[in-house]
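See structure below.
The values are calculated or read from the model by the stated rules, or taken from the named source; none is laboratory data. Values in this document were obtained by computation on a predicted structure and should not be read as measured data. Cβ coordinates were reconstructed from backbone atoms using ideal geometry, including for glycine residues, and neighbour counts include every protein chain displayed.
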Amino acid sequence: MSKNEIDYKLCANYLSKRDPILEKLVRKHGIVTLPPKEDPFTKFVKIIVNQQLSNKAASTIFSRLESKLSKFNPTLIQKLDDNVFRESGISKQKASYIKNVAKIFLDNKDIEKHLVSLDDYKLEKFLTSIKGLGQWSSSMYMMFNMHRLDMFTHGDVALNKSIKHMYNIDVKNKLDLPKLKKLEKLWSPYKTIACLYLWKYIDSDESFL
């Protein structure tokens, strides 16, 4: 196993030993893994499109946008007319966010190296400073395109539902925050993998659906 390769079995075993609920999910679903990393700019656009939408709807909208371009890159996105975004199903606000990210990539040729060089705290702080990227969007990028293993987001509806159902913790209730923090500490340094299992539960457990 290379230095940068993730040992998902180790992560699953660690979480199983510390959390009996996750232990059940690991036994049911086996070893879960993060998807391969994508082109950074493309992934940012996908995440912005995905904001407050289901994965299925977001995928359809992104495919529409992608089909209107000969090549998906910041230069062509910057030149794109707002009508093209609208025809693809993307709001004016999201279009402005996407163009803003495109400008950042065009103005900073070493942006990818810069992102990789930052630790989790500094990276999240940098990403959330970008217009259109809140805590949820930043966490999604760090989890799924940088494979940072100790991430958690309070803003994901499906994840919040899973935590409510499995742990009886309401993420939006301030009184439950101490219990949530305790749970996050329990999962660290593999909070991202814990989230994968909880999303898996939402996607596959018929009794919940």
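Looking at (1) among the hydrophobic types (A, V, I, L, M, F, W, C); (2) out of contact with any Cys (no Cβ under 8 Å at 6 or more places or on another chain); (3) at pLDDT 95 or above, which one does Leu177 not meet, given that it meets all the others?
(3)
Need the failing condition index for Tyr121 against (1) aromatic (Phe, Trp, Tyr); (2) under 30 Å from Pro74 (Cα atoms); (3) surrounded by 15 or more Cβ atoms within 10 Å (Cβ to Cβ), just the number.
(3)
Can you say whether Lys37 is basic (Lys, Arg) and modelled with pLDDT under 95, as far as the supplied structure shows? Before the answer, list the steps.
Working: basic (Lys, Arg): yes; modelled with pLDDT under 95: no.
The answer is no for Lys37.
What's the number of the condition Ser139 fails, among (1) in contact with a helix residue (DSSP H, G or I) (Cβ under 6 Å, 6 or more places away or on another chain); (2) of a type in the set (S, T, N, Q); (3) assigned to a helix (DSSP H, G or I)?
With (1) in contact with a helix residue (DSSP H, G or I) (Cβ under 6 Å, 6 or more places away or on another chain); (2) of a type in the set (S, T, N, Q); (3) assigned to a helix (DSSP H, G or I) applied to Ser139, the lone miss is (1).
If you check Leu180, Leu186, which single one turns out to be among the hydrophobic types (A, V, I, L, M, F, W, C), farther than 29 Å from Asp39 by Cβ, surrounded by fewer than 15 Cβ atoms within 10 Å (Cβ to Cβ) and assigned by TED's automatic domain parsing to the domain that holds Arg18? Step through it out loud before you land on a result.
Details: Leu180 fails: surrounded by fewer than 15 Cβ atoms within 10 Å (Cβ to Cβ).
After applying the criteria, what remains is Leu186.
Failed condition for Ser137, given (1) assigned by TED's automatic domain parsing to the domain that holds Asn55; (2) at pLDDT below 95, with all others met?
Ser137 satisfies all of (1) assigned by TED's automatic domain parsing to the domain that holds Asn55; (2) at pLDDT below 95 except (2).
Among the listed residues Ser96, Ser67, identify the single one that is within 17 Å of Gly132 (Cβ to Cβ) and at pLDDT 95 or above.
Ser96
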